[in-house]
2 protein chains.
Amino acid sequence: MNAVSANLLKNLGTFLSARTLQMSTVNISPAAAEAGNYCITFDDVEKAHSVIKPYVHQTPLMTCSFIDKLCGRNVFMKTENLQKTGSFKIRGAANAIASLVRKNIKPDCIVTHSSGNFGLAVAKTAKHFNIPAYIVMPSNAPECKKNTVKSYGGVVVECSPTEKARMQKVKSVWVEKGGCFIHASQTAEVISGHATIGFEMLKQNPDLDAIVVPVGSGAMISGITIAAKHIKPSIKIYAAEPEKANDCYLSKCNSHITPVDHPVVTIADGVKVTIGENAWPIIRDLVDDVITVSEEQIIEATKLVWERAKLVIEPTSGVGIAAIVSEKFSKAKGMHDDVKNIGVVLCGGNADVGTVAKILTGV
Amino acid sequence: MNAVSANLLKNLGTFLSARTLQMSTVNISPAAAEAGNYCITFDDVEKAHSVIKPYVHQTPLMTCSFIDKLCGRNVFMKTENLQKTGSFKIRGAANAIASLVRKNIKPDCIVTHSSGNFGLAVAKTAKHFNIPAYIVMPSNAPECKKNTVKSYGGVVVECSPTEKARMQKVKSVWVEKGGCFIHASQTAEVISGHATIGFEMLKQNPDLDAIVVPVGSGAMISGITIAAKHIKPSIKIYAAEPEKANDCYLSKCNSHITPVDHPVVTIADGVKVTIGENAWPIIRDLVDDVITVSEEQIIEATKLVWERAKLVIEPTSGVGIAAIVSEKFSKAKGMHDDVKNIGVVLCGGNADVGTVAKILTGV
């Protein structure tokens, strides 16, 4: 998100705050976060874990001895590529929507914006509750993604492929249709939904010494951090990020959100966005370090998981694996010989097999 | 296996029978099987399950709602593509080798023949016990497969790519090196090792009404049949086979082993071989039906699993999925409306990503 879109989001937040229904799922309060009160607490995570249980898989924590050898540590992959709708995003979407329904609030519709996995997740969950879902998608989004949203029962609303056009379209759809807007990454219930990944990982393996998470908007890593550091304060949390989309790295260096100053081009399309204002204070204070990786490393890591772990992942999932097998990993802040058991989140598997395979094999 | 190679195998069996050590892992006794005494019993399966436990994964039984919809039933995929060495073959190899070691028999070496997954499995297990492994492989086997065998510590012995040359090479290596010969599919301990797949599936889901298994040599389906029909006599067992390698189908029609009368060309390279003499009586008597599928169906099914279940499988695994989503499935012998919960074995995932992706995308 660049400065323009951040302002738009703030404006939209103000707009939302006039509507009490939407306020219950939108919690953009950087001031509170700055004061040390993060947008979610561990209680929110526990609640989310119970709320989303009927709508998500508890995905397996898988191992691969070949990757262990490359990493020189024991690696436990949280296979969110096997999650319903093919990515972790269903956790946040399900928590946001089901939390409303549990409060006996059934909105006329759900409105969100997404060019990918969050749109699928909202469409599927909304359908479960028989609530219409309007997904604002850029007109240049791949047809296959639009079709998948439709197959889950979502209504695709196209907009020009700019951040400004997207937020304007969200606003106009929302004004027209009413209902509830869920921000794809900064709504508090979305973050606490995603946080259940960390909660589950430590239930599945309490011996984890560190968790590595690809970072885009920061919703996933900030949630996981709140969950994991509450359960096990000694655990290290590392963000993994493409060198070409290194806003999280820059932000940690500068101690404030620092978008990249050039157009972002990376194969890891799920982490192109800049970290958001609700996620940032948690990342700033509690994430131990950021490990950046090259496009070549992402491609190699994705291929490694396909060929050795036999899992179809999208390249964004390869970012975490690339980080743990890189030389940088041993030099990350807080790393030492006792950090032996590494959890890493394979965040999604929604790859077009043909397209990705061509990239992986250099065809 | 054609008539020539069947004779060669019998001759080799005679040769083996002169050496008591090898007899303990080679049990080619078609006469006994014809009399109703199959080469393994359920006791062998239970024993195998306990013997191989330290050397194999209990692979998950996974579901995919999209595949359920296509099949019109509940589908439970036994993910042997996630097994150690990337296929179910480690079960048979581990049982054969570990059973010897448990009897305090540590052979000087293991000799086997394989152009693929069984070679990897023997190499890995033998290395575990610090026993040299000689894998006779055709000279035209892909370099990557030879390299993987070597990476597991196996010694690759090349032979001309004919059945006759292969068996002669096995014999000469065995005469030179001594040790123990394990037949890749007809050794009884190999079959009871593979049988643990059926044992595990019914432990993981006792409600399975049918199990579908790709058939090549028949070692896997015959083992699974002995295990599953003992635990649950009502369960249906279906073989899935490429139309272009339909020897199992022909054999069931003719009531005797009937190799195909043309060179076998199928993308499902793991099931090119003809069913063996130890597996046959079990298939003849206890397998409910054989479902054959076209090359196009195998390709579509493989793609389906990659894209929807997010699992990398080799096309041979696609054969079982192709069978259950085909129109033929509803018409198979013994099928009725109460057959709702279908287990299907994804036998392996050792695909060259680039090659398979090209086939899947028609490039």
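Where a number appears in this text, it was derived from the coordinates with a stated rule and is not lab data. Keep in mind it's a predicted model, so treat the numbers as computed, not measured. Here Cβ is always computed from backbone atoms with ideal geometry, including for glycine, and neighbour counts include all displayed protein chains.
If the label for A:K232 sits 7 angstrom from Cα along the Cα-to-Cβ line, what are its distances to the same label in every other copy, in nm to one decimal, shortest first?
Here the equivalent label points are 3.6 nm apart from this one.
What residue among A:K229, A:K84, A:K69 has the largest mean-square fluctuation in a Gaussian network model of chain A, using Cα springs under 10 Å?
Result: A:K69 has the largest fluctuation of those listed.
Once you list every other residue whose beta carbon is under 13 Å from the beta carbon of A:F42, what net charge do they have if Lys and Arg are +1 and Asp and Glu are -1?
Net of charged neighbours comes to 0.
Where the only charges are on Cβ atoms (+1 Lys, Arg; -1 Asp, Glu), what is the dipole of chain A about its Cα centre, to the nearest 20 debye?
Numbers: 39 positive and 33 negative charges, 203 e Å.
It works out to roughly 980 debye.
Treating the beta-carbon of each Lys and Arg as +1 and of each Asp and Glu as -1, no other charges, what is the dipole magnitude of the protein assembly as shown about its Cα centre, to the nearest 20 debye?
520 debye
Treating cross-link reach as a plain straight distance, find the aspartates and glutamates whose alpha-carbon is under 13 Å from the alpha-carbon of A:K331, omitting any fewer than eight places away in the same chain.
A:D288, A:D289
Can you tell me the dipole magnitude for the stretch B:155-290 around its Cα centre, using point charges on the Cβ only (Lys, Arg +1; Asp, Glu -1), in Debye to the nearest 20?
My answer is approximately 300 debye.
Taking the Cβ of A:D289 as the center, what net charge do the other residues with Cβ under 10 Å away carry, scoring Lys and Arg +1 and Asp and Glu -1?
Cβ neighbours under 10 Å give a net charge of +4.
Once both axes come from the Cα atoms, what is the angle between helix A:295-304 and the longest principal axis of chain A, in degrees from 0 to 90, rounded to 10?
With rounding to tens, the tilt is 80 degrees.
List the distances, in nm to one decimal, from the label point of B:K331 to the label points of the same position in every other copy, shortest first, placing each label point 7 Å from Cα along the Cα-to-Cβ direction.
Its label point is 6.6 nm from the equivalent points in the other copies.
Mind listing the label-point distances from B:N254 to the same position on all other copies, shortest first, one decimal in nm, points 7 Å along Cα→Cβ?
7.6
Using Cβ contacts closer than 10 Å as the measure, can you line up A:I267, B:I211 from fewest to most?
A:I267, B:I211
Relative to 2.2 N^0.38 Å, what does the C-alpha radius of gyration of chain A come to as a ratio? Two decimals please.
On the way: Rg = 18.8 Å, N = 363, 2.2 N^0.38 = 20.7 Å.
Taking the Cα Rg and dividing by 2.2 N^0.38 Å, one obtains 0.91.
Quick one: net charge around B:V312, please, counting Lys, Arg +1 and Asp, Glu -1 for every other residue with C-beta under 12 Å from its C-beta.
Numbers: positive: A:K303, A:R308, A:K310, B:K303, B:K310; negative: A:E307, B:E307, B:E314, B:D352.
Computed value for this residue: +1.
Between A:G348 and residues 5 or more places away or on another chain, which pairs have amide H atoms under 5 Å apart, with H built 1.01 Å from N, and which residues are they?
HN-HN under 5 Å from A:G348: A:N81, A:E314, A:S317.
Measure nothing fancy, just the Cα-based angle from helix B:219-231's long axis to the longest principal axis of chain B, in degrees from 0 to 90, nearest 10.
It is inclined by approximately 60 degrees.
If I take every Cα pair under 8 Å that is 6 or more residues apart in chain B, average their sequence separation and divide by the length, what percent do I get for the relative contact order?
Details: 743 pairs, mean separation 75.8, N = 363.
For chain B, the relative contact order is 21 percent.
Using each residue's phi in the stretch A:175-182, evaluate 6.51 cos²θ - 1.76 cosθ + 1.60 at θ = phi - 60° and report the 3J(HN,Hα) Karplus result to the nearest Hz, with x for Gly and Pro.
With coefficients 6.51, -1.76 and 1.60, one gets 5, 6, 9, x, x, 10, 8, 10 Hz.
For a quick check: sort A:E296, B:E200 by the number of other beta carbons within 10 angstrom, fewest at the front.
Result, fewest neighbours first: A:E296, B:E200.
What percent does the relative contact order of the stretch B:77-163 come to when contacts are Cα pairs within less than 8 Å and at least six residues apart?
Result for the stretch B:77-163 is 25 percent.
Would you mind checking B:K252/B:K333; A:K303/B:K150; A:K272/B:K69; B:K53/B:K146 for any pair whose Cα atoms are more than 23 angstrom apart? Intermediate results must be reported in sequence, preceding the final value.
On the way: B:K252/B:K333 12 Å; A:K303/B:K150 21 Å; A:K272/B:K69 34 Å; B:K53/B:K146 27 Å.
Those over the limit are A:K272/B:K69; B:K53/B:K146.
Can you show me the helix-derived [θ] at 222 nm for the protein assembly as shown, built from DSSP H runs with n ≥ 4 at -39,500 (n - 2.57) apiece and divided by the number of residues, rounded to the nearest 500.
About -13500 deg cm²/dmol.
Using Cβ counts within 10 Å as a stand-in for footprinting exposure, how do B:E176, A:E189 rank, fewest first?
Values: B:E176 12, A:E189 28.
Arranged by neighbour count, lowest to highest, B:E176, A:E189 become B:E176, A:E189.
To make sure I understand the rule: partners must be lysines, Cα under 17 Å from the Cα of A:K177, and not fewer than 8 residues away in the same chain. Which ones qualify?
A:K106, A:K127, A:K169
Once the Cα atoms of helix B:3-17 and of chain B are each reduced to a long axis, what angle between those two axes, in degrees from 0 to 90 to the nearest 10, is obtained?
50 degrees
Lys/Arg Cβ at +1, Asp/Glu Cβ at -1, dipole of chain A taken about the Cα centre: which of A:T162, A:L61, A:V190 is farthest positive-ward?
A:V190
Whole angstrom only: what separates the Cα centroid of the stretch B:116-187 from the Cα centroid of the stretch A:52-94?
So the two Cα centres are separated by 35 Å.
Using +1 at the C-beta of Lys and Arg and -1 at the C-beta of Asp and Glu, which of A:C144, A:Y238, A:G218 has the Cα lying farthest in the positive direction of the dipole of the stretch A:123-238?
Positive-most Cα among the choices belongs to A:C144.
Mind checking which of B:A121, B:A309, B:A301 has the largest fluctuation in a GNM of chain B, springs on alpha carbons under 10 Å?
Fluctuation is largest for B:A309.
Of all DSSP beta bridges located in the protein assembly as shown, what percent are antiparallel, nearest 5?
Here the antiparallel bridges make up roughly 10 percent for the protein assembly as shown.
With the contact rule set at Cα under 8 Å and sequence spacing of 6 or more, what percent relative contact order holds for the stretch A:174-293?
Taking the mean separation of contacting Cα pairs over the length of the stretch A:174-293, I get 29 percent.
Given the rotation that superposes chain A on chain B, what residue of A brings its beta carbon nearest the axis, and what is the distance in Å?
Result for the axis mapping A onto B: A:A357, 1.
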